[in-house]
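Take a look at the structure set out below.
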Amino acid sequence: MYLPVPRVGSGYKPPARAFDPDFGKELPAGALVAGMVRPGNIPLGNRPMVPAPGGGIATVRSITVGPEDGGLFYVLPTVVGQGVVSNRLAIDNWRKTGQYLGVFRSKQAAEQFSQALHVSQASQYGL
């Protein structure tokens, strides 16, 4: 899902966080799609499993926001803490913590990554 993100002031940038050195190890070969500018900074191997709306579980349900400063698109988790949150709360969490699943040059690249991540996580958790 693509959402324009309202600005929090001129030149707003989310706080920098250390990158997860294990990012991508859980993903299938080729899942780090062209157009990725920065890998995410959230460990993927230990995501909370929470009931998903409509049944099943969610670990990395995500949204794409942007373009942000520099024309970049961010993939944000909507699984925050021990629950699935609204898109607005996911954006608020990103602004507060700086956590994201990846940064991309295009909306298309971000959405391709989101799909690959979804498939990978489903396989990892036997879904």
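Scan the stretch 61-97 for residues that are at positive phi and either at pLDDT 90 or above or within 15 Å of the chain's Cα centre (by Cα) (or both) and report the count.
3
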*Would a scan of the stretch 6-16 turn up a residue that is in contact with a Pro (Cβ under 8 Å, 6 or more places away or on another chain), part of a loop (DSSP other than H, G, I, E, B) and either modelled with pLDDT of 50 or more or over 15 Å from residue 122 (Cα atoms) (or both)?*
no
*Are there any pairs, at least 6 apart or on different chains, whose C-beta atoms fall under 8 Å, with the first in the stretch 105-116 and at pLDDT below 95 and the second part of a helix (DSSP H, G or I), and if so, which?*
105/71
*asked:* Six or more apart or on different chains, Cβ atoms under 7 Å: show the pairs whose first residue is in the stretch 42-53 and β-branched (Val, Ile, Thr) and whose second is not in a loop (DSSP other than H, G, I, E, B).
replied: 42/77; 50/57; 50/58; 50/79; 50/83; 50/84
*Given the structure, is residue 58 modelled with pLDDT under 80, surrounded by 16 or more Cβ atoms within 10 Å (Cβ to Cβ) and touching a strand residue (DSSP E or B) at 6+ places or on another chain (Cβ under 6 Å)?*
yes
*Specify the residue that is surrounded by the most Cβ atoms within 10 Å (Cβ to Cβ); the eligible residues are those in the stretch 105-127 that are farther than 12 Å from residue 44 by Cβ and touching a Ser or Thr at 6+ places or on another chain (Cβ under 8 Å).*
110
*How about the stretch 21-51: which of its residues are at pLDDT below 75 and either farther than 17 Å from residue 120 by Cα or of a type in the set (Lys, Arg) (or both)?*
21, 25
*What are the residues in the stretch 75-126 that are touching a helix residue (DSSP H, G or I) at 6+ places or on another chain (Cβ under 7 Å) and part of a helix (DSSP H, G or I), if any?*
none
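The values are calculated or read from the model by the stated rules, or taken from the named source; none is laboratory data. Keep in mind that what you see is a predicted model, and the values were worked out from it rather than measured. Quick reminder, even Gly has a Cβ in these numbers, built from the backbone with ideal geometry, and neighbours come from all protein chains shown.
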